[in-house]
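> Sharing a structure with you now.
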Amino acid sequence: MRYVQLDTPKPISKIGLGTWQFGSKEWGYGPEYERRAAEIVRRALDLGVTLFDTAELYGFGRSERILGAALGDDRAKVVVASKIFPLLPVAPVVQQRAVASAARLGVDGIDLYQVHQANPVVADTTTMRGMRSLQDVGLVGEVGVSNYGLRRWRFAEAALGRRVLSNQVRYSMIDRGPEEDLIPYAEQAGRIVIAYSPLAQGFLSGRYDATNPPAGAVRRANPYFLPENLERGTQLIATLREVADAHDATPSQIALAYVLRHPNVVAIPGASGVEQMERNAAAAEIDLADDEYAALVAAAHAFRPVTGLAAVPRMVRARLGK
């Protein structure tokens, strides 16, 4: 495993574990899931993973509880990250919700506490006042944000009066917006971009095509999995496979290596089982050659999916089987 080269109290692994699926029925949560989740977490620890990301919204608190139980006595050794859902995130509410998250996680302090989404009405001034109080009493170590643009990230940091260590955003080969400003800022300022959905919910895995679309409700709601987009992605997946063959790797591992090539980026893919966790962790060791990276960049730029409003009627027709 490789780690971010920053001055943090605990090392932050380049590959973390995202736990959105823990406790969420749409990802298969059921009677046997907690045992499987614990196996994934324990194997991640064995592989040197130190960043475990959850949120109070995931499974309405179940994810935090499952993760905390699975980490057990190792909770103090790793970076436990959670997020506050930004419903009225004024200072007193931020403090109350952090206490509740820590209790579900079974920790004395949350290593990285993040604002899940920028609130369009409540200014970060009051939110960060609550975060600062949590840091002052030792309940929160580092503060982070999620889904923030660069301007608001920097404003949040000014409001906190300390570093806002991380910004967790959607980032993958086909969601490259962070490359424009967030990643350069992180590298210049000594901050971290945490990439969620680094495999575009499996689009970049090569498992799906126009004749074999995903079946799950979550992926069916993602326009990338429209048959037309799966067809348009054929050349991109072919390039991923070509680079993967050169490294005796999988397309997913190469897609992860793409985002991890930036020194201040970490990725938090989910894992449905121990083997997937092992493959994800191994991606941190892949070094892409300059020409391989250039080929991936070119293939990613050439991919032009149908998204936004233009995708809506196509998704309706796909749902209706027409």
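> Which count do you get for residues in the stretch 30-80 that are polar (S, T, N, Q) and either open to solvent by less than 10 Å² (accessible area, probe 1.4 Å) or at pLDDT below 95 (or both)?
So the first thing to find is which residues in the stretch 30-80 are polar (S, T, N, Q), and the list is 50, 54, 63.
The next check asks that each one be either open to solvent by less than 10 Å² (accessible area, probe 1.4 Å) or at pLDDT below 95 (or both); those that pass are 54, 63.
Qualifying residue count, the stretch 30-80: 2.
> Does residue 94 satisfy the condition of being open to solvent by less than 10 Å² (accessible area, probe 1.4 Å) and either aliphatic (A, V, I, L, M) or under 25 Å from residue 265 (Cα atoms) (or both)?
Working: open to solvent by less than 10 Å² (accessible area, probe 1.4 Å): yes; either aliphatic (A, V, I, L, M) or under 25 Å from residue 265 (Cα atoms) (or both): yes.
Yes; evaluated as a whole, the condition is true for this residue.
> Same structure again: Quick one: in the stretch 267-278, which of the residues that are under 15 Å from residue 51 (Cα atoms) and among the aliphatic types (A, V, I, L, M) is modelled with the lowest pLDDT?
271
> Let me confirm something: among 130, 177, 144, which residue is within 21 Å of the chain's Cα centre (by Cα), under 29 Å from residue 69 (Cβ atoms) and of a type in the set (Gly, Ala, Ser)? Spell out how you get there, then give the answer.
Values: 130 fails: within 21 Å of the chain's Cα centre (by Cα); 177 fails: under 29 Å from residue 69 (Cβ atoms).
From the options 130, 177, 144, the qualifying one is 144.
Residues checked against (1) modelled with pLDDT under 95; (2) surrounded by fewer than 17 Cβ atoms within 10 Å (Cβ to Cβ); (3) closer than 27 Å to residue 189 by Cα:
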| site | (1), (2), (3) |
| --- | --- |
| 250 | no, no, no |
| 261 | no, yes, yes |
| 265 | no, no, yes |
| 280 | no, no, no |
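> So if I check each of 152, 163, which one is surrounded by fewer than 22 Cβ atoms within 10 Å (Cβ to Cβ), charged (D, E, K, R) and in contact with a Lys or Arg (Cβ under 8 Å, 6 or more places away or on another chain)?
Values: 152 fails: in contact with a Lys or Arg (Cβ under 8 Å, 6 or more places away or on another chain).
Criteria check complete, one pass: 163.
> Just checking, does the stretch 291-298 include any residue being in contact (Cβ under 8 Å) with a residue 12 or more places away in the chain, crowded, with 17+ Cβ neighbours inside 10 Å, assigned to a helix (DSSP H, G or I) and hydroxyl-bearing (Ser, Thr, Tyr)?
no
> Identify, from the list 130, 144, 109, the residue that is of a type in the set (Gly, Ala, Ser), surrounded by fewer than 19 Cβ atoms within 10 Å (Cβ to Cβ) and either within 15 Å of residue 94 (Cα to Cα) or out of contact with any His (no Cβ under 8 Å at 6 or more places or on another chain) (or both).
On the way: 130 fails: surrounded by fewer than 19 Cβ atoms within 10 Å (Cβ to Cβ); 144 fails: surrounded by fewer than 19 Cβ atoms within 10 Å (Cβ to Cβ).
One residue alone meets the criteria, 109.
The values are calculated or read from the model by the stated rules, or taken from the named source; none is laboratory data. Predicted, not measured: the structure shown is a model, and the values here were computed from it. Glycine also receives a Cβ, built like all others from the backbone with ideal geometry; neighbour counts cover every protein chain displayed. Ligands, DNA and RNA are excluded from the accessible area calculation, which covers all protein heavy atoms including side chains. Shrake-Rupley method; radii C 1.70, N 1.55, O 1.52, S 1.80 Å.
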